[in-house]
Amino acid sequence: MVPVREAINSGTWFHFSSSDGDMQFRLKVLTFEKLDLSQVDEPQNIDEEETGASWWLMKIEAINLSKQSLYSSFVLRKILLVDQNDFQFNVIENNHLCCFSEFSKKAGLNRFFGKHLIPKTKIVGAISFRLPDEDEAEYSLAMVKGVVREA
C-alpha cells in the first residue's frame with residue numbers, strides 16, 4: 001500500500017476494483033488536510049458524536065471505469081483509509097457539511113453527494129473523513145470487498 005501523502009507527492013492514480021468486478025474506478029488524491037470547522041457556515045449543524053476525532057478533507061479526481069453509471073454514495077461507501085495499525089476509516093457523508101452548506105460548494109464536497117458518476121468521465125471534488133486525533137498516523141487507501149492497486 002502506498003501512503004496517501006506519498007500518493008499526493010507523486011501524483012499516483014489508484015485503480016479500485018470490487019471483488020466481483022462490477023465496480024471499477026480510478027482515484028487520484030490531490031490534497032488531504034485537517035478541516036478547520038470555522039471555515040464552514042453554521043458549523044453547529046455538523047454532527048460530531050465522537051470526541052478525540054477531527055474532520056479531514058480529501059480533494060480527489062475520480063473516473064468511473066464501470067460499464068454503467070454508479071451512484072456516488074455507493075462508491076464512497078467502498079473507499080477506506082487504513083492506518084499503519086490496520087484500523088479502517090470510512091468516508092463520512094454529513095448532510096450539512098457535504099450538501100447544504102455553502103462550504104460544500106467551495107470545497108467540492110457537493111460534487112460526490114447524491115450524484116451519478118457516468119462511465120469514462122472525470123469528476124473533481126472532495127470527500128470527508130472523521131479520524132482520530134493522532135499526529136503520527138499515516139493512512140493508505142483500501143476498498144471494502146475489493147482491491148486497490150497503483151494504476
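Bear in mind that the values in this text are calculations on the coordinates, not laboratory data. Source: prediction; values computed, not measured. Every residue, glycine among them, receives a Cβ derived from its backbone with ideal geometry; neighbour counts consider all protein chains shown.
Computed over region 45-96, the alpha-carbon pair-distance distribution with 10 angstrom bins reads 16, 47, 29, 8, 0, each value a whole percent. The relative contact order of region 4-150, computed from alpha carbon pairs under 8 Å that lie at least 6 residues apart in sequence, is 32 percent. Report the local net charge at N9: Lys and Arg +1, Asp and Glu -1, summed over other residues whose C-beta lies under 15 Å from its C-beta. Here the count lands on -1. Within the listed set A107, A126, A137, the residue fluctuating most in the Gaussian network model of the chain (springs between alpha-carbon atoms under 10 angstrom) is A137. Summing +1 for each Lys or Arg and -1 for each Asp or Glu among the other residues whose beta-carbon sits under 14 angstrom from that of R149 gives +1.
In the structure shown, the pairs K34/K78; K28/K115; K67/K105; K105/K145; K34/K120 are assessed against 24 Å; a Cα-Cα span above that value is assigned to K67/K105; K105/K145; K34/K120. Cα extents for the chain along the principal axes, largest to smallest and rounded to whole angstrom: 40, 33, 26. Shown here for region 39-130: trypsin sites (Lys or Arg not before Pro) in loop regions (DSSP other than H, G, I, E, B) with at most 14 other Cβ atoms within 10 Å, namely K67, R77, K120.
Taking 7 Å steps out from each Cα toward its Cβ at S69 and A151 produces label points 2.1 nm apart.
With helices as the sole contributors, the chain gives -2500 deg cm²/dmol at 222 nm; each DSSP H run of n ≥ 4 counts as -39500 (n - 2.57), and the sum is divided by every residue.
Compute the distance from the alpha-carbon center of region 86-144 to that of region 19-82, in whole Å. First find each Cα centre; the distance between them is then 2 Å. Report the FRET efficiency, 1/(1 + (r/R0)^6), for Q84 and D22, where r is their Cβ-Cβ distance and R0 is 30 Å, rounded to 0.05. About 0.45, to the nearest 0.05.
Electrostatic bookkeeping for E138 treats Lys and Arg as +1 and Asp and Glu as -1; over the other residues with beta carbon under 10 Å from its beta carbon, the sum is -3. For E138 and D36, the difference between the fully extended length at 0.36 nm per residue and the C-alpha to C-alpha distance is 34.8 nm.
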